[in-house]
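Notes follow the structure.
The values are calculated or read from the model by the stated rules, or taken from the named source; none is laboratory data. Source: prediction; values computed, not measured. Ideal geometry is used to build each Cβ from the backbone, glycine not excepted, and the neighbour counts take in all protein chains shown.
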């Protein structure tokens, strides 16, 4: 594999390919994995000695062309610079003080260097409060500078605040200041999880971004919900002849791993070799992780040479690859062979067991971890949730709190999912309170969506609406959660109203949105409106209907008694109807006592599968409701011949002492312990 990559390096630059989900072609080889130690090395990107912090080169996009608007010359400190007008009130001291404070904050650079304010020595940079360094000697001084972000940027945690700071940068002429732009790009691409699109909009308007900005955008794109953006970004980077460094390719490999783009990742491997970074430990570890997880495991093993065996990150990357492929035996052997295990290696192995559903083995290893962190606890909690053991997840959270470990957003997302599946509203409300304490009253996008889903599934739709309206930033998932929740909770008109509100925003509905709207129309009996929304989905939003949409339409017609129209609608489907669609129609036939159409629907169901007792019971009930007892007898005889048995019904009574009493027909009640979780 490696030799094949090397042979094709020469032809990469001229070749073109179109990656999945990309809207434009990409040059082959414009593409890269891990970002370990990036935080510690951001400061090594050097500013050019010729960089002038007092020139404003504003670039905008107009008809896909970069047009320089103006260049403002340097001004001395004593020049009569026109003052910006105070919109809120003239001459207020508080506003002037706030502006001076903001200007001071904006001077703080991404890597600890401050600009000299206008009117002081040109060509010098302020290293700290007492040291002034000539720009030409900046490279020598930078080795001792650590990455420190100012309080202004540390407090920038959402898109609204980011836009406010960006606007003040423009007003105060910092929109071409390199250090301030670096902070802006870092905040939009990395610090805030949901603003990668805004980061790209800002980045596209920066004149000649430096390598630090390119790498920051590559990193942010790779870890965002749109990792393919990093691939297209690297294509642009090569197009303008920006030389990559050994931090560039790990981000690209990470994107390829997340997307499972094997061919693209192999081309990145070729680029790594071409630029001479294959033996850099960051690039090598990213290559090992890529090939171990979605590429050739043999290539990953070849890269795991003597030098890699001294690096615990390489051990963990190879272990994670085998675990992800389901080869837990080899993964555990590698884990046991690690000379010095760090916490990451423990977490990798535990996560491997969790992903394969082996919670007992994961728990055994968890108990052996010398010192756990929040990732260790999250792996176990999420594992219990994914395996359906929701109460164990809540118990694990209790252990986590007793151990003094502070939960994070991932912890809370898993716990809210457990509460939603259990219907544990009281516990969910307590977790909601803990979330507000963690965020000092602010609510992030993902946690907000999870809270809406939890409250809706637990039956408190009023609280779900309250959370929805409290969220500043909303995405399609936010709208979908409240629309579906309202529809299932009986608030059909409100669900449709919220959908109409969504259409007025920039958020585009998706297939899940229309499932919720069609359910609302079905439960409300709005046949014409449901049909209109179905056509809207196909013709306006270009969403191809799937089995769920067709099932909703069949249910819509069935509830309204339009059984013949439902059969005709099924005949227009582009694919074979599944058992759910036929069962929905069979249930409608039972409600409206249509024996003939019910028999037709049941025949189609039996053709698909003959082991579902509910299908026989529905048809039997249709015969019984019409007094056709011979038909009932024939159905029961057919069940006996095929060996289908109906499970006995039972009832659950929730006792005050936290026990569930189960009553089966012809048996005595017995208690199942239900443990209190909080």
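Tell me whether the range 174-183 contains one or more residues that are outside any loop (DSSP other than H, G, I, E, B) and under 25 Å from the mean Cα position of the chain (by Cα).
Within the range 174-183, one or more residues are outside any loop (DSSP other than H, G, I, E, B) and under 25 Å from the mean Cα position of the chain (by Cα).
For the range 489-524, which residues satisfy the criterion of being exposed (fewer than 15 other Cβ atoms within 10 Å of the Cβ) and more than 18 Å from residue 549 (Cβ to Cβ)?
490, 493, 497, 500, 501, 504, 505, 506
Looking at 357, 352, which is the one that is modelled with pLDDT of 90 or more and not in a loop (DSSP other than H, G, I, E, B)?
Numbers: 357 fails: not in a loop (DSSP other than H, G, I, E, B).
Selected residue: 352, the only one of 357, 352 that is modelled with pLDDT of 90 or more and not in a loop (DSSP other than H, G, I, E, B).
Yes or no: residue 222 under 18 Å from residue 185 (Cα atoms) and either crowded, with 24+ Cβ neighbours inside 10 Å or assigned by TED's automatic domain parsing to the domain that holds residue 198 (or both)?
Criteria met by residue 222.
Please specify each residue of the range 191-215 satisfying the condition of being crowded, with 21+ Cβ neighbours inside 10 Å and under 15 Å from the mean Cα position of the chain (by Cα).
Of everything in the range 191-215, those that are crowded, with 21+ Cβ neighbours inside 10 Å and under 15 Å from the mean Cα position of the chain (by Cα) turn out to be 192, 195, 196.
Report, by residue number, each residue of the range 329-342 that is in a helix (DSSP H, G or I) and surrounded by fewer than 19 Cβ atoms within 10 Å (Cβ to Cβ). Before the answer, list the steps.
Taking the range 329-342 and keeping what is in a helix (DSSP H, G or I), we get 329-337.
If the condition is that a residue be in a helix (DSSP H, G or I) and surrounded by fewer than 19 Cβ atoms within 10 Å (Cβ to Cβ), then 329, 330, 332, 333, 336, 337 are the ones that fit.
Residues that are farther than 18 Å from residue 320 by Cβ and at pLDDT 90 or above: list the helices (runs of 4 or more DSSP H) wholly contained in the range 212-303 that include at least 1 such residues.
Ranges flagged: 228-239, 248-259, 262-274.
Scan (1) assigned by TED's automatic domain parsing to the domain that holds residue 617; (2) surrounded by fewer than 22 Cβ atoms within 10 Å (Cβ to Cβ) for the single condition residue 589 breaks and write down its number.
Going through the list (1) assigned by TED's automatic domain parsing to the domain that holds residue 617; (2) surrounded by fewer than 22 Cβ atoms within 10 Å (Cβ to Cβ), residue 589 breaks only (2).
When the range 442-467 is examined, which residues are found to be touching a helix residue (DSSP H, G or I) at 6+ places or on another chain (Cβ under 7 Å), in a helix (DSSP H, G or I) and more than 17 Å from residue 413 (Cβ to Cβ)?
461, 463, 465
What residue, of 478, 497, is under 20 Å from residue 518 (Cα atoms), over 25 Å from the mean Cα position of the chain (by Cα), part of a helix (DSSP H, G or I) and not assigned by TED's automatic domain parsing to the domain that holds residue 162?
The conditions single out 497.
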